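Contents: one structure, followed by commentary.
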Amino acid sequence: MDTLCSRMLLILCLAPLMSLAAPPPPTHQFTLDNGLNVLVREDHRAPLVTSQLWFKVGSADEAPGQSGLSHALEHMLYKGSSKTCAGEASAILQTLGARENAFTSKDATTYYQTLAPRYLGVAFELMADLMSTAHLRTSDLTPEMAVIREERRLRTDDDPHDLALERLTGVAHLANSYRTPILGWMHDLHRLNADDLRHWYATRYSPGNATLVVVGDVTLDQVKRLAQRHFDPLPARPVPRLLRPTELAQAGERKLTLSLAVPTPQLIMAFNVPGLATAENRRSVHALRLIDALLGGTHSARLKKRLEFTEQLFSDVSTSYDALTRGDSLLFVTAELASAHADDLDAAEARVWQLIEELHAHPPTAEELERARTQLIARQIYTQDSIVEQAHELATLASIDLPWQLMDKDSDELAQVTPADIQQAASTFLTRERLTVAHVLAEAAHE
């Protein structure tokens, strides 16, 4: 298909979606005197507001022997402070009808609330207090660590798929700290103490290491006034250097075999690839996002259509890739073998490679690429219907030190990726030198 026809097809495919996308809401950014970064997006479609406080600290920042520290501190922040008793901050917010929670990732620790705009000041007051005057007592930590160890048992140790992913990730991140699990290694969870948490809190929860994102039925003046009242009194403190976990470009193929309680054998492949913050150019990252969609993102994707539905080699196959990481990332292929093919993981892996090598040799057709592109752009447009999702993406960009404006440029940048870009990205990044593969065998086969 010639260039003119390809561009006409692009216009025809994307025009209906682009017409659905309203202009981005007014978005503002300012910094308090103590270094706290604040982003405000006005979205007046519903009488709600979401407030998200993100700290640039996660499992990737933890030293050997202190894994799980960031997640444990997230738990402990609700155990009492100068203004609240244990659990009281959550109880107050829930009394006001708020939906609130917290989570820890490899890159960040986040506390968020969605509530009526008239209560935003209450959320700010509670968060400012928790980030500055949490008690972190040993008497509270001891029972809470037992809760966290049980969380690890349930979510990882007793879940064969998640356990396999943890093991694979530890090998795939050969030269960087993304190998550290968010929940921590179990032996470290028996050794963390209150002094560890207090040091982490004092050095990582400084205002200059945080971003406050507010999206919803508010104005810049409202948010600025409340932020200055509740957060400005917090003293400025030194800000730790932001680590960017970066992997070797040619680490070499790595393989591991695991025997776990899975119903049928599983194949997991992980390729070391850049994220948006580490890529030499953003187009290569958008090409990887489209490769993710082309290979396993929909029922018409290559791996799904050919290896699951047509050849029935797999009972399930999918791909995943997170581009919004502080450092380098991984592109995963995850598959469960169908019972009829359960004894031949090597052949299944070889078949996946054949489909990947097709992308090395030949770019996708314009029609196939536009299907994948339309899927990603539609997902981005529909994300704008949620103030929580908008805030999450804005905050993610800020927490990995990228400009928030990239969120509003995403559809335009995806539209620029060509079939040749896809072929180039596949040839560059989906190689054996960047691959870690796990064969997960059913334990029963070895009894």
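Laboratory data are not the source of any read-out in this text; all were calculated from the coordinates shown. From a predicted model like this one, the values you see are computed outputs, not experimental measurements. Don't worry about glycine lacking a Cβ; one is built from the backbone with ideal geometry, like all the others, and counts go over all protein chains shown.
Here are a few things to note about the model shown:
- Counting only alpha carbon atoms, the long axis of helix 387-399 and the longest principal axis of the chain meet at about 90°.
- The Kirkwood hydrodynamic radius of the chain, based on inverse pair distances between different Cα atoms, is 23.6 Å.
- Compared with the dominant principal axis of the Cα atoms in the chain, helix 138-152 is inclined by about 20°.
- Taking the C-alpha atoms only, the angle from helix 419-429 to the longest principal axis of the chain is near 80 degrees.
- Between ARG153 and ALA361, residue separation times 0.36 nm minus the direct Cα-Cα distance comes to 70.5 nm.
- Among ALA391, PHE271, THR334 - extreme Cα towards positive end, dipole of the chain, charges at beta-carbon: ALA391
- Our estimate of slack between ARG198 and LEU174, defined as 0.36 nm per intervening residue step minus the Cα-Cα distance, is 5.6 nm.
- Taken as Cα centroids, segment 371-386 and segment 180-210 sit 36 Å apart, rounded to the nearest whole angstrom.
- By the count of other C-beta atoms within 10 Å, a proxy for reagent exposure, MET131, MET76 are ordered fewest to most as MET131, MET76.
- For segment 27-230, a simple Cβ point-charge model (Lys and Arg +1, Asp and Glu -1, everything else neutral) yields a dipole of about 300 debye relative to the Cα centre.
- Leading residue at positive end of dipole, the chain (Cβ point charges), from ILE356, ALA164, HIS190: HIS190
- Antiparallel bridges, percent of DSSP beta bridges restricted to the chain (to nearest 5): 80
- Sequence-distant aspartates and glutamates (8 or more away, or on other chains) whose Cα lies within less than 15 Å of LYS224: ASP33, GLU42, GLU125, ASP232
- When +1 charges are put on Lys and Arg Cβ atoms and -1 charges on Asp and Glu Cβ atoms, the dipole computed for the chain relative to its Cα centre reaches about 1040 debye.
- Computed from backbone phi, the HN-Hα couplings of segment 120-134 come to 4, x, 5, 4, 4, 4, 5, 5, 4, 6, 5, 7, 10, 10, 4 Hz, rounded to whole numbers (Karplus: 6.51 cos²θ - 1.76 cosθ + 1.60, θ = phi - 60°; Gly and Pro given as x).
- Stretching the chain fully between ASP412 and GLU144 yields a gain of 91.8 nm (0.36 nm per residue, less the alpha carbon separation).
- Computed about its Cα centre, the charge dipole of segment 238-362 is approximately 640 debye, with only Lys, Arg, Asp and Glu carrying charge at their Cβ.
- Relative exposure of TYR321, TYR119, judged by other C-beta atoms within 10 Å (fewest first): TYR119, TYR321
- For the residues GLN228, GLN113, GLN423, a GNM of the chain with alpha-carbon springs under 10 Å puts the largest fluctuation on GLN228.
- Label-point gap, in nm, between ALA378 and GLN94 - each point 7 angstrom along Cα→Cβ: 3.8
- 19 Å cut-off, amide nitrogen to a point 7 angstrom out along LYS305 Cα→Cβ, residues in segment 338-374: 351-374
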